[in-house]
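Before any comments, here is the structure.
The values are calculated or read from the model by the stated rules, or taken from the named source; none is laboratory data. Values in this document were obtained by computation on a predicted structure and should not be read as measured data. Glycine gets a Cβ as well: all are built from the backbone with ideal geometry, and neighbour counts include every protein chain shown. Ligands, DNA and RNA are stripped out before the accessible areas are found, and what is left, the full protein with its side chains, is counted by its heavy atoms. Shrake-Rupley method; radii C 1.70, N 1.55, O 1.52, S 1.80 Å.
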Amino acid sequence: MTRGSARIVLSLVAALALGCGGEDPPAPSVADGLKATIGTMLRRFSESLVTLRARAPRGREWQPSGADADAVKAMRAAWLDAHAAFVGLAGPVGELFPEQIPGLDRRWDVQLTDLGVDPDFMPFDERGVTGLHAIERILWSDQISSAVSSYEMTRLGYRTPRFPGTAEEADAFVASLAGAVAQVGLEVNQQFSRLTPDAALGAAGISRLLANSFLKVDLGYVAGSEDSRYSGTTMLDLRSELAAARAIWNVLRDGLSRRGAASEKLGGVDAGLARWTALLDEVKSKDFPVAPNLWDPGTPSPEHALTPYGMLFVGLRRELNKARPDSLVSALREALGSARSKDEAPKEQGGHRA
């Protein structure tokens, strides 16, 4: 996305932003808070990728069980940090840069399907299957579970995951595969630094984080198909999305309260976030829960809905239901509307809706 198109997107989002009038505190209090919160996520993402690339062996075959064991351990830690930051920023920043951000985290099997009959012969460059999960698949290639292997082996174009085996592959991993992800992160960070985020963007970001969490659960019902399947950290992803939503809401809540938002409207969002938290707290394991046999996402049976997987699925879907007045997305919309009602409502110009 160009600088000009990013400005256009932001101007559309501003159509639902809070008005400035009377003696209310100025909107920059929200803008500054969002800028700092989201900016921290972007910096963490970029800095973790710098660490990952710096620890990667170059110019030779990797020796993960020998001389490079510490390097692989450090790269895995850096990837986990980068991905935790990414899934958080993918909510609000994904609203502004929809052509760049989502593509960094596409699943391996989805990308392989897009390639068709052309397999990804060189998994270490910027062509074919790319992004954060492509890096993850390499870094955990010696620890992939049997369920993941069974799920992926049926895919057209499947190739066994592995570490770089030549100097060319090692250099490509750093410069091309990881380098391409890092470059997008730097570009987005630079573009975001010139923008002014507002309350509507923050609310839309929370809604997108919730939707991303639900999508991870929805697509992970087949054994071995979960999102961060190689590292086994999909539950960490879900918790990182919730943490980001809470951080953004802390900024918005203060700003909306100052602008006169009704306390019961703000409380509706608080309650929705509490329910979201409770859903994740019900999963006691760090592992993503397995869906019950004969799972039907359209109409889960009462027994299936009470399993750890079923409670996540049903609960997150409930919070995304715009038709329910007590859902989290409805509460966000009501909270923004309550604050805006003190001033003359802006004219509808399209754009994002919380």
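Here are the numbers for the structure shown:
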{"quantity": "Area accessible to solvent at Arg324, 1.4 Å probe radius, in Å²", "calculated": "90"}
{"quantity": "FRET efficiency, Phe121 to Asp270 (Cβ-Cβ, R0 45 Å, nearest 0.05)", "calculated": "0.30"}
{"quantity": "Mean Cα-pair separation over length for region 51-189, i.e. relative contact order, pairs under 8 Å, 6 or more apart, %", "calculated": "34"}
{"quantity": "Residue-level accessible surface for Leu306, protein heavy atoms, 1.4 Å, Å²", "calculated": "130"}
{"quantity": "Accessible area in the full protein assembly, largest first, 1.4 Å probe, for Ser150, Ser301, Ser228", "calculated": "Ser150, Ser301, Ser228"}
{"quantity": "Region 139-204 - charge dipole about Cα centre, Lys and Arg +1 at Cβ, Asp and Glu -1, debye rounded to 20", "calculated": "160"}
{"quantity": "Relative contact order (%) - the chain, alpha-carbon pairs under 8 angstrom, separation at least six", "calculated": "25"}
{"quantity": "Relative contact order (percent, whole number), region 213-345, Cα cutoff 8 Å, 6+ residue spacing", "calculated": "33"}
{"quantity": "Theoretical gain in end-to-end length, Asp254 to Arg194 [0.36 nm per residue, Cα-Cα removed]", "calculated": "19.3 nm"}
{"quantity": "DSSP H segments from the chain that extend 27 Å or more along their own axis, Cα-based, with Kyte-Doolittle mean of 0.0 or above", "calculated": "28-55, 69-89, 199-219, 234-258"}
{"quantity": "Computed label-point distance, nm, for sites Ala77 and Asp114 using a 7 Å Cα→Cβ extension", "calculated": "3.3"}
{"quantity": "The chain - charge dipole about Cα centre, Lys and Arg +1 at Cβ, Asp and Glu -1, debye rounded to 20", "calculated": "580"}
{"quantity": "Heavy atoms of Trp62 accessible to a 1.4 Å probe, total area in Å² rounded to 10", "calculated": "10"}
{"quantity": "Accessible surface of region 203-331, 1.4 Å probe, proportion on carbon and sulfur as whole %", "calculated": "58"}
{"quantity": "In nm, spacing of pseudo-spin labels at Val222 and Arg60 (7 Å Cα→C-beta vector)", "calculated": "4.1"}
{"quantity": "Ranking by accessible area, most exposed first, for His304, His133 with a 1.4 Å probe", "calculated": "His304, His133"}
{"quantity": "Estimated FRET transfer efficiency when R0 is 30 angstrom, pair Val50-Ser149 (beta carbons, to 0.05)", "calculated": "0.45"}
{"quantity": "Accessible surface of region 39-116 [probe 1.4 Å, protein heavy atoms]: carbon and sulfur percent", "calculated": "49"}
